[in-house]
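The block underneath contains the structure these notes are about, expressed in structure tokens.
What follows draws every value from the coordinates through simple rules; no lab data is involved. Model, not experiment: these values are computed from the prediction. Cβ placement follows ideal geometry from the backbone for every residue including glycine, while neighbour counts extend to all protein chains displayed.
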Amino acid sequence: MPTLLETHIRNRFRVQPNHANNNDTLHGGNLMKWLDEVSAMSAMRFAGETCVTARVNELDFERPIQIGDTALVEAYVYDAGRTSVHVALRAWREEPRSGETEKTTESTFTFVAIDENGEKVPVPDLSVESEEGARLRDRVHEFDS
């Protein structure tokens, strides 16, 4: 049974001019793509199967990420159903020289595990075996309420 912390992934993306919108900040569609990619990796690590995006829950862009900044994306599985995997996501703007961060985005995505024929397959139960795992799981429930 996979643990919550085993699904925890953090990735960084350098924001280049080709990622920007007309305001010279990260285009929201690029951030959504990066959120989807990192959360899919987390879901697949948990399920041991290919996982496809089924739902993007509320997604608020709280502040922009500038060209030259780093987008830091964090994802982890916080819950699972029979074939569904629920992934918590956060993104930050990171200043690459100082490492200073500001949270920019928070959301949850739902994935469905599928086999090679595209049929839904069961996923394991999620185990939360540490205080850090419990803290991360509980933080999502605070966000959802």
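Please turn the phi angles of region 136-141 into ³J(HN,Hα) values with the Karplus equation 6.51 cos²θ - 1.76 cosθ + 1.60 (θ = phi - 60°), one per residue in order, whole Hz, x for glycine and proline.
Listing the rounded values in order: 5, 4, 5, 4, 5, 5 Hz.
With everything on Cα atoms, drop me the angle between helix 28-47 and the longest principal axis of the chain, reported from 0 to 90° to the nearest 10.
Long axis of 28-47 versus the principal axis of the chain: about 30 degrees.
What does the charge add up to near E129, with Lys and Arg as +1, Asp and Glu as -1, over the other residues with Cβ less than 14 Å from its Cβ?
-2
Here are a few candidate values for percent of Cα pairs over 26 Å apart: [x] 61; [y] 33; [z] 26. Which one was actually calculated from the structure I just gave you?
Only one listed value fits the structure, namely [z].
Using only Cα atoms, figure out Rg for region 73-121 and give it as a multiple of 2.2 N^0.38 Å.
1.60
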